[in-house]
Each structure stands twice: as structure tokens, then as C-alpha cells.
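Enquirer: One structure follows; several queries about it will come next.
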Amino acid sequence: MTGGVLVVSLNTALDKTLVLRRLAPGTRHVPEQALDLAGGKGVNAARALCRLGVPVRLVGFLAGGTGERIEGLLEAEGLAGDWVRLGRGESRTCLTVHHGPGHPTEINEPGPVVGKRELGRLRELVARRLEGRGFLLLCGRLARGVPAGFYADLIRLARRRGVASALDASEPALSKGLAAKPDLVKPKVVELGELGLSAGRSRWKASLDALRRLGAKEAFASLGSEGALLSSEEGLFHASVPKAAGFPLGAGDTFMAGAVFGLLKGWPAERRLAFAAALATASLESLGAGVFERSRVAKVLSRVRVRRLATP
């Protein structure tokens, strides 16, 4: 499979990250670290793919002064994009506060509302930019005003153009997107639950088989500290990963980037799963979603263990 990746980012954000020693509500804090990055699940995955050397182009919505700031941050990183400017509102700002062990505190703005005309312009933009691409990557929640079947429409559009597609979304876009038969889907535990599926160890095979019956050619599932799963034409595989702590924001998006990278490389299922799991785990060590050190990926990969749970 050749060509770069077109990433659709409907809910692009300004991600502000603070690192505190501890969080005490009602008191004044001075962060030990602070970082502003362009964000949103699509941007996070695009950043990881770019760091892997994959040609990437973003398309999505931006609004207001915050949107201008986001575009400037992306340009500074070398992440090219084509943006539909919304006439009202501001692109969202998302605040993440890391304050010791455990999951960080997140405060996410809802973002602007997309109109029908603006949605049509984005669809036209995607259609133009699909030319010569190897993959269409659809990540994240739908922006307000975007119909639940929009990702499904883009998956069908990509197939007509001979472009593979990958989907990482929540309900209701997930089930509608599955019906459009994407080449790859990657729900996390919460999203499996939204589909009425279980991430429990005894239900791994049944849940991944169900995702493929619903339409996905291949189904990954990220399980956090329990590793990750892949169901494909080659069988069902589980990857166990070394214990890691740090900055979990965006690890799932980095995993998705690794999964797409493996398909672009034409790797077999076991290698693709191992690499995606290693990439996500290594990213926990770096502040910023989609950020990782290549040297750490290789070291983590040497400790990932993949086993076959079922044959096709």
C-alpha cells in the first residue's frame, strides 16, 4: 500500500497541558511544566505519523482566534492542513492537568457548531485531497452539527476512490461507520461498551469477532495496561506490554497511528500489533499527545509479547 495519509480532524483543539506536583482545589498553583499544542484525536494521530516519516495532510474545521493559533502551531510543527473556516464561534480549548499518579484531570470545551454549507465544503475538500492517498484516517468525536453518518459517508467515498480507511470514533458515529465497512477500526474499552460488547478477558474473541461482523475488515482494541488485541484474516492476537506510567493523553491516538503505519508497510498482523502497542506505550514517557522518542519505541518493542489466541 502506497501514498500518504489524509487525516480528518472535525474537533481540532488547542491543547493546554499543565504538570503539577499535586492538585489542591481552591488553592493557587504554579505548574512545573506547561505545554501548548494543536490537538484533537486526528491531530494527535497525524503528529505521530509525521514523526514516523509518513506524509500526512490534515483537513478539518477551525474557528476564530483560537483556530488561527492552532493553525500557527501546526505550521510550526510541519503539519500541513486544509481548513474550512467556521463563521461563528471559537475552536475549542482543552485543558489537561497532570497531578501525580493516575489519570489526569481534563476540562474540554464543546467547540463550535458546524453548518450544512460548511460541512459540504469539508466533504468536497476531502474528495479532492483523497487523490493519491494510501489511507483516510477518521479520528475523534463528531463536531456539533455534524450528522452521525458523516464518517460513514467518507469511508464509502474513500472506497470508491480505492483508498483504505481507518476509524476511531465513539457512538453513534462508530456503529454507522462500521456499517460502511472500514479497513480498520480501533475502539477502546468504553467504546466497546457503547456497542454492547465486553472487554473482559473471557469475551475478547466474541467482541472482536462482533466488530468484524459489524463491518470492519480488521479490528484493534486498546485495553490500557492489559495490552491490545487485533482480529484480522490472520487470526486473533493479544499483545502484552511492559508496565509504564507518565502522560496517557493521546496514547490511543498514537496506537492508531502505529496500526496505520504497519498497514502502509505491509507488515503481518503480529508485527503490526506489536509495533502499535510499543508506540503507544513509549509515548507515555513524553509530554504531549502523539509525541515519542524513536529510540524508546525500539526498546519497548523488544519487551512486547504477542500471542495468537485463535486461528482464522
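The values are calculated or read from the model by the stated rules, or taken from the named source; none is laboratory data. Nothing here was measured: the structure is a model prediction, and the numbers come from that model. Neighbour counts are summed over all protein chains in view; Cβ atoms, including those assigned to glycine, are modelled from backbone coordinates with ideal geometry.
Enquirer: Filter the stretch 225-258 for residues that are closer than 18 Å to residue 307 by Cβ and of a type in the set (Gly, Ala, Ser); which is modelled with the lowest pLDDT?
Expert: Top of the filtered list is 225.
Enquirer: Could you please find all residues in the stretch 230-255 being part of a loop (DSSP other than H, G, I, E, B) and crowded, with 18+ Cβ neighbours inside 10 Å? Don't jump to the end; show me each part of the working.
Expert: First pass over the stretch 230-255, keeping only residues part of a loop (DSSP other than H, G, I, E, B): 233-234, 241-250.
241, 247, 248, 249, 250, listed by residue number.
Enquirer: Further question on the same structure: Do you know which of the residues in the stretch 133-169 that are assigned to a helix (DSSP H, G or I) and of a type outside the set (A, V, I, L, M, F, W, C) is surrounded by the most Cβ atoms within 10 Å (Cβ to Cβ)? Can you show your working first?
Expert: Kept after step one, since they are assigned to a helix (DSSP H, G or I), are these residues of the stretch 133-169: 150-160.
Pick out the ones that are also of a type outside the set (A, V, I, L, M, F, W, C) and you get 151, 153, 156, 159-160.
Details: 151: 28, 153: 15, 156: 16, 159: 16, 160: 9.
Among them, the one singled out is 151.
Enquirer: Pick out the one residue from 149, 132, 120, 102 that is within 23 Å of residue 57 (Cα to Cα) and modelled with pLDDT under 95. Before you say what the answer is, go through the steps one by one.
Expert: Numbers: 149 fails: modelled with pLDDT under 95; 120 fails: modelled with pLDDT under 95; 102 fails: within 23 Å of residue 57 (Cα to Cα).
Of the residues listed, the single one that is within 23 Å of residue 57 (Cα to Cα) and modelled with pLDDT under 95 is 132.
Enquirer: Name the residue, out of 58, 74, 18, that is among the aliphatic types (A, V, I, L, M), within 16 Å of the chain's Cα centre (by Cα) and surrounded by 14 or more Cβ atoms within 10 Å (Cβ to Cβ). So that I can check it myself, show each step before the final result.
Expert: Working: 74 fails: within 16 Å of the chain's Cα centre (by Cα); 18 fails: within 16 Å of the chain's Cα centre (by Cα).
Just one listed residue meets the conditions, 58.
Enquirer: Has the stretch 20-34 got any residue that is modelled with pLDDT of 95 or more and at positive phi?
Expert: No, the stretch 20-34 contains no residue that is modelled with pLDDT of 95 or more and at positive phi.
Enquirer: Scanning for something surrounded by 14 or more Cβ atoms within 10 Å (Cβ to Cβ), under 17 Å from the mean Cα position of the chain (by Cα) and more than 18 Å from residue 166 (Cβ to Cβ), does the stretch 111-132 turn up at least one residue?
Expert: no
Enquirer: Among the residues of the stretch 274-283, which ones are aliphatic (A, V, I, L, M) and more than 15 Å from the chain's Cα centre (by Cα)?
Expert: Let us first name the residues in the stretch 274-283 that are aliphatic (A, V, I, L, M), namely 274, 276-280, 282.
Hits for the stretch 274-283 are 274, 278, 282.
Enquirer: So residue 38 clears everything in (1) in contact with a Ser or Thr (Cβ under 9 Å, 6 or more places away or on another chain); (2) not in a strand (DSSP E or B) except one condition, right? Which one?
Expert: Answer for residue 38: the failing condition is (2).
Enquirer: Give me a count of the residues in the stretch 77-126 that are among the aliphatic types (A, V, I, L, M), in contact with a Leu (Cβ under 7 Å, 6 or more places away or on another chain) and farther than 30 Å from residue 55 by Cβ.
Expert: Count: 2.
Enquirer: Another one. Of the numbered conditions (1) at pLDDT 95 or above; (2) closer than 30 Å to residue 108 by Cα; (3) of a type in the set (Lys, Arg), residue 181 satisfies every one except a single condition; which is it?
Expert: (2)
Enquirer: Moving to a separate point now. Are any residues in the stretch 183-208 touching a helix residue (DSSP H, G or I) at 6+ places or on another chain (Cβ under 8 Å), surrounded by fewer than 20 Cβ atoms within 10 Å (Cβ to Cβ) and polar (S, T, N, Q), and if so, which ones?
Expert: 198
Enquirer: Okay, moving on. Yes or no: residue 180 touching a Phe, Trp or Tyr at 6+ places or on another chain (Cβ under 9 Å), under 21 Å from residue 255 (Cα atoms), in contact (Cβ under 8 Å) with a residue 24 or more places away in the chain and surrounded by 16 or more Cβ atoms within 10 Å (Cβ to Cβ)?
Expert: Details: touching a Phe, Trp or Tyr at 6+ places or on another chain (Cβ under 9 Å): yes; under 21 Å from residue 255 (Cα atoms): no; in contact (Cβ under 8 Å) with a residue 24 or more places away in the chain: yes; surrounded by 16 or more Cβ atoms within 10 Å (Cβ to Cβ): yes.
Considered against the rule, which asks whether it is touching a Phe, Trp or Tyr at 6+ places or on another chain (Cβ under 9 Å), under 21 Å from residue 255 (Cα atoms), in contact (Cβ under 8 Å) with a residue 24 or more places away in the chain and surrounded by 16 or more Cβ atoms within 10 Å (Cβ to Cβ), residue 180 comes out as no.
Enquirer: Cβ contacts < 8 Å: first residue assigned to a strand (DSSP E or B), restricted to the stretch 89-112; second residue basic (Lys, Arg), any location; separation 6+ or different chain. Result?
Expert: Short answer, once both residue conditions are applied: 93/16; 94/16; 95/16; 96/16; 108/92.
Enquirer: Take the residues in the stretch 207-229 that are touching a residue at least 24 places away in the same chain (Cβ under 8 Å) and either assigned to a strand (DSSP E or B) or among the hydroxyl-bearing types (Ser, Thr, Tyr) (or both); name whichever of them is nearest to residue 165 (Cα to Cα).
Expert: Per the stated criteria, the residue is 218.
Enquirer: Any idea which residue in the stretch 51-84 is modelled with the lowest pLDDT, counting only those that are assigned to a strand (DSSP E or B) and over 16 Å from residue 144 (Cβ atoms)? Break it down into steps so the answer makes sense when it comes.
Expert: Start the filter on the stretch 51-84 by keeping residues that are assigned to a strand (DSSP E or B), which leaves 56-63, 80-84.
Still in the list and also over 16 Å from residue 144 (Cβ atoms): 56-59, 80-83.
Numbers: 56: 97, 57: 97, 58: 98, 59: 98, 80: 92, 81: 96, 82: 97, 83: 98.
Here the answer is 80.
Enquirer: Being more than 15 Å from residue 219 (Cβ to Cβ) and touching a helix residue (DSSP H, G or I) at 6+ places or on another chain (Cβ under 6 Å) is the filter here; which residues of the stretch 286-312 pass it?
Expert: Keep residues of the stretch 286-312 that are more than 15 Å from residue 219 (Cβ to Cβ), which gives 286-308, 311.
289, 290, 292, 296, 297, 300, 301, 304, 306 - these are the residues of the stretch 286-312 that are more than 15 Å from residue 219 (Cβ to Cβ) and touching a helix residue (DSSP H, G or I) at 6+ places or on another chain (Cβ under 6 Å).
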